[in-house]
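Colleague: Pasting a structure below so you can have a look.
No lab work stands behind these numbers, since they all come straight from the coordinates. The structure presented is a predicted model; accordingly, all values stated were derived computationally and were not measured. For neighbour counting, all protein chains shown are included, and Cβ atoms are generated from backbone atoms with ideal geometry for every residue, glycine included.
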Amino acid sequence: MENGHQESAMVVRRDVPVPPPLPARFGTSKVVVRRRGCCAAASTTETWDRLFDDAYRADVSIQTSSDDVIYAHSSILGLASPVFRSMFKRQSRSKRLFIVPIRGVPTEAVRVFIRFLYSSCYEENQMEEHVLSLLVLSHSYVVPRLKRECEGQLEHKYLNVDNAIDVFQLALLCDAPRLGIICHRLILKNFKAASLSDGWKAMKESHPILEKELLETVSYEAYRQKEKVKKANERKVYLQLYEAMEALVHICRDGCRTIGPHDKAFNKHQAPCNYEACKGLESLVRHFAGCKLRVPGGCVHCKRMWQLLELHSRLCIDPNVCRVPLCKNFKDRTRKQKKKDDIKWRILVRKILRTKSITGAPYFSLAASS
Ligand SMILES: [Zn+2]
Ligand SMILES: [Zn+2]
Ligand SMILES: [Zn+2]
């Protein structure tokens, strides 16, 4: 087998052995993609198309909605679709023509459908115009290849807010779950526009139950989104509390900017602190140290500080070495506390620890709260 590549290679480097020809299935010269969705050789598809167009020795008469007739071959149709096959099996063979009515879709859609059964080809504009009819036909006559093609085209090209309701209903009818989910998502995302579409109005008339179900999913989705935001906000608060707890340990242990530990000389030139929570906490600690109303239930700032100190003690692993003020006192008090209050604190401690880490190490522990 000679080809241009081999000849030129031999001319350039005669001393290099000629590579063997590629296996035939890798050769690209014979494969042409003439239309979308078709990868058969052009001459082959032309033959099949001609067989359909010329209706040579056709033995099937397809009758469409507008009383048009499309001729076809029972052998091709029966081979491509099990539904046609059983239809022909049931019909009397004595008749010259099998009569097959296909109504409810435009004649042109039926023609595109039958042509696909011959050559596995279609024109792009035909698909665009008749994709919904082709989806129904491919489902009804069990032609999975065309059905997959229609689903893919709808998903990637033709699905929009205006036709989403129609496509959604067809997806349910034609057992196309993926397409159904994609439509549903699109409807939820663009509910206002989708509910104003003609498809929605038609559905309201013909399938009020489906409309009710859709409305329920829309309100559930709104609720879910709300819950998500609520949870995210909650998580943010717990995370801030966790960071405040870390910063409190750091302030009392290492000192930070204007506050130093009681047994260490405070270094004015220390490196900037990495704890974001220090800024707020530092002024709170300074206020707490100087406030005249330093009693539980007194000044709001002090009250907050009391709570933070108690929370710290609930989280603290070892109050004997801890430098946070009142840590040990709170621990002792906790042991005498009422069970109801204790449970509340334990829930809070668990939520805080779970936002940041499982164990709370090195300073905090879930076990410390029990
Ligand atoms: Zn700091
Ligand atoms: Zn105060
Ligand atoms: Zn402590």
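Colleague: So how do Leu137, Leu281 line up by other beta-carbon neighbours within 10 Å, fewest first?
Modeller: Sorted ascending by nearby Cβ count, the order is Leu281, Leu137.
Colleague: Hey, another quick one. In the stretch 312-346, whose amide N lies under 20 Å from the spot 7 Å out along Cα-to-Cβ of Arg253? List them in ranges.
Modeller: Under 20 Å, as judged by backbone N against the label point of Arg253, lie 312-331 of the stretch 312-346.
Colleague: Would you mind checking the pairs Lys147/Lys230; Lys147/Lys192; Lys226/Lys336; Lys157/Lys204 and listing those with alpha carbons more than 32 angstrom apart?
Modeller: Lys147/Lys230; Lys226/Lys336, as the Cα separations exceed 32 Å there.
Colleague: Please identify the trypsin sites (Lys or Arg not before Pro) of the stretch 63-105 that satisfy two criteria: DSSP loop assignment and at most 15 other Cβ atoms within 10 Å. Which are they?
Modeller: Sparse-neighbourhood loop trypsin sites (Lys or Arg not before Pro): Arg93, Lys95, Arg96, Arg103.
Colleague: I need the shape label for the stretch 100-241. Rule: rounded when a/c is under 1.5, else prolate if a/b > b/c, else oblate, with a, b, c from the alpha carbon gyration tensor.
Modeller: prolate
Colleague: Dividing the convex hull volume of the alpha carbon atoms of the stretch 300-360 by its residue count, what do you get in Å³ per residue?
Modeller: Residue-normalised Cα hull volume stands at 101 Å³.
Colleague: Based on other C-beta atoms within 10 Å, arrange Cys150, Cys291, Cys273 from fewest to most.
Modeller: Arranged by neighbour count, lowest to highest, Cys150, Cys291, Cys273 become Cys291, Cys273, Cys150.
Colleague: Now for a different question. Using all C-alpha to C-alpha distances in the stretch 35-158, build P(r) with 10 Å bins and read off the rounded percent in each one.
Modeller: Once binned at 10 Å, the Cα pair distances of the stretch 35-158 give 13, 46, 34, 7, 0.
Colleague: Let me ask something else about it. Multiply the residue gap between Arg96 and Arg335 by 0.36 nm, knock off their C-alpha separation, and tell me the result in nm, one decimal place.
Modeller: 76.2 nm
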